[in-house]
Amino acid sequence: MQYSTSSLFLLGGLHAVASLQVTLAATNSSAISPVILADTNRDGAVDDSDLEHRHQWTDSHGAIFLPNIGDRTHRCASVDLAGLPLSNLELASCNDAAGDRLITPHVAARAKTQPIHGLSKDAVGRIHTMPEAARDRVRVFWGHGGAGNDSAGWTLINSQIEFNATSLSQGLALAVDGRELVSDSNIWDGSVQIVFEVIDGQRQGSDLVALKQAPVLVHHHLQQVDTFLTLQTNESVSVWQAPFVKSLTDIAGRLHRPPPLRVLNNSNEVWGQDFMEPAFVSMPGPDGPISLRVLIRSAQSTRPNGRRVFNELRGDGVGGWQPGSGSGFGWEEINSGGNIETIPPYLSRSGVPYRNGRVLLGKHFDKYPAASMITFLESQGAQRPLFLEAGWLVAGHIDEMVQFLPYHNELGFTIAVPDTAAALAVLRDVKKAGHGSAPILSYNGSMTPDKDALFLDPSVRNQTVSSILDDKQFLKINEYGQRFIDRNLALLLQEIPLDPKHVLRVPALWKDTTYPWPRSPDGVPTRLHRALPGERQLQAFFPHAVNGVVLGHDYVAPKPWGPVVDGHDVLESAIVDVYAKANMTVWFIDDYMSHHVRGGEVHCGTNTLRDTGVAWWQTE
């Protein structure tokens, strides 16, 4: 994890003051020496082995707690008493930690005080938290009567509660959780010190233990898939989505490790990737990591499906994050989940360890994603975003141009990118073999358009391999697109110690879809923005294989519908050969009318919920 110098200095100052207080108390012969412990050594238990280093939190030691933002009992409503929809912020504000009851003790971090003997009956103890920013964001509970995981056995502590001599002599069982996620580390970075004070007449003493809330970590493709997810629409939205879902269901059942497929019904769109980005938080537990799934809602305040994070997906062990107001208003494509990807764990060429990977975001020349999202991701202190240029794409999502997948090298992964030279080489071989008159597109199904089939062009059926190769403007556009791919790849290779020969170059071609998209009539930002002067906006010509889903060593890719020679799709064969270098089994699915002509592919239309049992705190 990475932290700024200023934040470490501030924390160090607080720890120094607290440690001084503890030292002074201990030097008084009549002083009491209270001890409060948490899982400082991160072994999943709270015991005497946690005595050392408990006053300071660092990358290598310090207790961790979770934001308790699930909804175990499904008590959180989506409408008010009048039946009207709650606002986005109202919808997100409810969770298991919203009140004063510990609904889910099993996800609260344990702490305790050591028994204190020799106290008079008038002795009292108090517990409070610092700094001030943590007081309304962190809850501390007292467990009585062997509370364990029984919610009724835990009482919320505030600074005015006093513990009597009997309780102090027995030792206090404590539980700690967070009410919310860290959204801006300048306001609160997740740190808290729990202070334990005891007064017995003229004698007194205090101790503290340092904890920090677990960072929200975005998943990467090397993590195992727990659930495969897609959307189902009614025919008024898309007549093509139901066949796509059926095909996806069939493929999912045939995979090496078939993940359960969850279908979210009654969707008003087909883009399962774009309304949220799955992530997680975890902490040490006695039997391994204890975790919560965190679904990051896209910073698109008017996108209806974003509310599904809270209406439908939030539940036991699953919470959501709602971007704050001030940015992410409307439904701009730059803020879609497809514009968020994650590099798997690596040590950068400059020596910076990204033990849990690093987030990638796409910028559109001078325009960046919503400030609320960037601040949120940076504030986690673990996966500092790296920006690629995606403004040359009409939708502007980086999942259209870069992908990470398992690979047999030291890193354990490689990069796949679309490559126009590879595609043109395939077409030239076809022409050289005497098949230049073959149709460039082998898709022969219906082209009945849906209302959102913005990029449907039936005239492509009239084009041949030769006509495409002879189209100088088409070739020029593909050179334009390849320049951006090469620049983005160069940036990644400057950061990641990957041998360039291990990069997978997947055959792909582009078409120019630059268009004077309408200006907003009402001040709400438009989904798509006009190209900057001198720039173009491109869209995949064939369904792009890079825009698929990595499921272990299975890969679900859009069927390219390339030229057919001797009964074989030559592009399909070339794509299979490329992914075979990474030991990937490719499963092709037809998304031509369901997604391709709408501006996306299989990855755009699906999502994955991956393994959350990750011990991110391990530094070795």
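The values are calculated or read from the model by the stated rules, or taken from the named source; none is laboratory data. Remember, it's a predicted structure, so these values are computed and weren't measured experimentally. Quick reminder, even Gly has a Cβ in these numbers, built from the backbone with ideal geometry, and neighbours come from all protein chains shown.
Could you list, in sequence order, the residues of segment 512-534 that are among the charged types (D, E, K, R), surrounded by 15 or more Cβ atoms within 10 Å (Cβ to Cβ) and either part of a loop (DSSP other than H, G, I, E, B) or touching a residue at least 40 places away in the same chain (Cβ under 8 Å) (or both)?
Once the filter is applied, which keeps residues that are among the charged types (D, E, K, R), surrounded by 15 or more Cβ atoms within 10 Å (Cβ to Cβ) and either part of a loop (DSSP other than H, G, I, E, B) or touching a residue at least 40 places away in the same chain (Cβ under 8 Å) (or both), segment 512-534 yields only 527.
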Among the residues of segment 207-244, the number that are β-branched (Val, Ile, Thr) and either surrounded by 20 or more Cβ atoms within 10 Å (Cβ to Cβ) or in the same structural domain as residue 188 (by TED's automatic domain parsing) (or both) is 6
Applying the selection to segment 510-551, what residues are within 27 Å of residue 404 (Cβ to Cβ) and touching a Lys or Arg at 6+ places or on another chain (Cβ under 6 Å)?
539, 541
Among residues belonging to segment 489-509 that are of a type in the set (D, E, K, R) and over 19 Å from residue 548 (Cβ atoms), point out the one that is nearest to the chain's Cα centre (by Cα).
495
Can you tell me which condition residue 24 does not meet? The list is (1) farther than 26 Å from residue 142 by Cα; (2) hydrophobic (A, V, I, L, M, F, W, C); (3) modelled with pLDDT of 95 or more, and all the others hold.
(3)
Would you confirm, using the coordinates I've provided, whether residue 69 is surrounded by fewer than 23 Cβ atoms within 10 Å (Cβ to Cβ), β-branched (Val, Ile, Thr) and modelled with pLDDT of 95 or more?
no
Working only within segment 43-80, note down all residues that are in contact with a Gly (Cβ under 8 Å, 6 or more places away or on another chain) and outside any loop (DSSP other than H, G, I, E, B).
65, 67
Of all strands (runs of 3 or more DSSP E) completely enclosed by segment 104-176, which ones contain at least 3 residues that are farther than 16 Å from residue 199 by Cβ and touching a Cys at 6+ places or on another chain (Cβ under 6 Å)?
none
Per the filter on segment 27-53, residues surrounded by 14 or more Cβ atoms within 10 Å (Cβ to Cβ), under 22 Å from residue 199 (Cα atoms) and either at pLDDT below 95 or among the basic types (Lys, Arg) (or both) are 31, 32
Hits in segment 106-127 (condition: touching a helix residue (DSSP H, G or I) at 6+ places or on another chain (Cβ under 8 Å) and closer than 26 Å to residue 290 by Cβ):
113
If you go through segment 583-620 one residue at a time, how many are polar (S, T, N, Q), in a strand (DSSP E or B) and over 20 Å from the mean Cα position of the chain (by Cα)?
1
How many residues does segment 149-194 contain that are within 36 Å of the chain's Cα centre (by Cα), farther than 30 Å from residue 372 by Cα and surrounded by 20 or more Cβ atoms within 10 Å (Cβ to Cβ)?
5
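If I filter segment 564-582 down to residues being of a type in the set (A, V, I, L, M) and in a helix (DSSP H, G or I), which single residue comes out as farthest from residue 221 (Cα to Cα)?
Taking the candidates together, the pick is 570.
Hand me the list of strands (runs of 3 or more DSSP E) wholly inside segment 380-453 holding 1 or more residues that are among the charged types (D, E, K, R).
386-389, 413-419
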How many residues are in contact with a Gly (Cβ under 7 Å, 6 or more places away or on another chain) and either acidic (Asp, Glu) or over 23 Å from residue 271 (Cβ atoms) (or both) when one looks only at segment 561-600?
5
Per the filter on segment 486-511, residues in a loop (DSSP other than H, G, I, E, B) and closer than 30 Å to residue 597 by Cα are 503, 508, 509
What's the number of the only condition in (1) closer than 29 Å to residue 279 by Cα; (2) in contact (Cβ under 8 Å) with a residue 60 or more places away in the chain that residue 30 fails to meet?
(1)
Inside segment 483-511, the number of residues satisfying the requirement of being acidic (Asp, Glu) and surrounded by fewer than 14 Cβ atoms within 10 Å (Cβ to Cβ) is 2
